[in-house]
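Data block below; observations after.
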Amino acid sequence: MKLFLDTASLADIRWASQAGLVDGITTNPTLLAKSAGDVDPNDVLKEICSLVDGPVSAEVVAVDADGMYREAKELAKIADNIVVKIPMIEEGLPVVRRLTTDGIKVNVTLAFSSVQCLIAAKAGATYVSPFLGRLDDVGQEGMEVIRETRLIFDNYDIETEILAASIRHPRHVAEAAMLGADVATMPTEVMKKLLLHPLTDRGLDQFLNDWSKLAARSKVNV
Ligand code: G3P
């Protein structure tokens with residue numbers, strides 16, 4: 001499974017790409033608003049695109065078809081690895097089709113059901129992003145959307161990639177991977193948590209402790 005970082009923080013992206021952990025980046029207007037400060041968000045996106053080889057999702061903010069298409073074309077000019085995020089709304093679907101025909105990759109975002117994912121794929125999306133955490137937040141089982149979508153896409157050899165989004169903790173990553181999501185995008189805090197286990201820390205403490213006892217004994221022997 002590919003791992004994407006869901007952030008517009010350049011420092012976080014540098015850390016993850018130096019560690020070889022990141023296959024791509026997803027951003028959204030909220031994340032860019034948080035990270036860009038006074039900087040033009042398109043300049044932030046340009047910098048992100050230069051830091052990673054993989055796809056970088058950037059979202060339109062228009063909600064009418066012409067506006068979405070215009071913004072998408074501008075975003076696509078930023079770099080070759082830009083993937084345009086289009087929201088899962090009726091007006092967006094013809095835009096997905098048009099952009100795909102133009103050779104621009106699209107990530108259909110804000111998907112909350114497997115049939116929305118199917119529709120996004122029919123429109124030609126390269127990626128579709130079901131939001132797991134936000135479904136869990138309202139008492140629904142976010143992971144069910146991944147399970148159903150994987151089954152549907154496999155039944156019909158649909159190539160659109162399932163990009164598990166709104167990931168809140170390492171179990172989301174493990175479960176999405178077991179269910180066959182193609183990509184999981186997560187905040188930096190979650191990616192860092194993937195590296196951790198308390199028994200790793202405890203084991204290392206014990207090894208170092210035992211080693212220092214041996215070192216102390218050897219000194220005495222000498
Ligand atoms: O970028 C889309 C998605 O991952 C947002 O996640 O945590 O705001 O629901 P969250």
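Over the chain, what is the mean sequence separation of C-alpha contacts under 8 Å (at least six apart), divided by residue count, expressed as relative contact order in percent?
17
How do 204-211, 64-71, 106-113, 135-142 rank on mean C-beta neighbours within 10 Å, highest first?
Ranked by mean Cβ neighbours within 10 Å, highest first: 106-113, 64-71, 135-142, 204-211.
In whole percent, how big is the carbon plus sulfur part of the accessible area of the stretch 2-221, probe 1.4 Å, protein atoms only?
54
Between the stretch 159-190 and the stretch 31-82, what is the C-alpha centre distance in whole Å?
With the stretch 159-190 and the stretch 31-82 each reduced to a Cα centre, they are spaced 22 Å.
Suppose all protein chains stay in the model; what accessible area per residue would a 1.4 Å probe give for the stretch 1-77, in Å²?
Details: 3850 Å² over 77 residues.
Per-residue value: 50 Å².
Determine the alpha carbon to alpha carbon distance for each of K2/K85; K2/K46; K2/K105; K105/K193 and list only those over 28 Å.
In this structure, K105/K193 exceed 28 Å between Cα atoms.
Just want the answer: with Cβ charges of +1 for Lys and Arg and -1 for Asp and Glu, which residue in Q18, H172, P87 is farthest toward the dipole's positive end in the stretch 2-221?
Q18
When ligands, DNA and RNA are left out and all protein chains stay put, how many square angstrom of accessible area per residue does the stretch 122-222 have with a 1.4 Å probe?
62
So what's the projected area for the chain, the Cα convex hull averaged over all directions, in nm²?
Averaging across all directions leaves 15.8 nm² for the Cα convex hull.
Please name which of A36, F131, G54 has its Cα lying farthest along the dipole of the stretch 1-147 towards the positive end, using unit charges on Cβ (Lys, Arg +1; Asp, Glu -1) and the Cα centre as origin.
G54
The values are calculated or read from the model by the stated rules, or taken from the named source; none is laboratory data. This is a predicted model, so every value here is computed, not measured. Note that each Cβ is placed from the backbone with ideal geometry, even for glycine, and that neighbours are counted across all protein chains shown. With ligands, DNA and RNA removed, areas are computed over all heavy atoms of the protein, side chains included. Shrake-Rupley method; radii C 1.70, N 1.55, O 1.52, S 1.80 Å.
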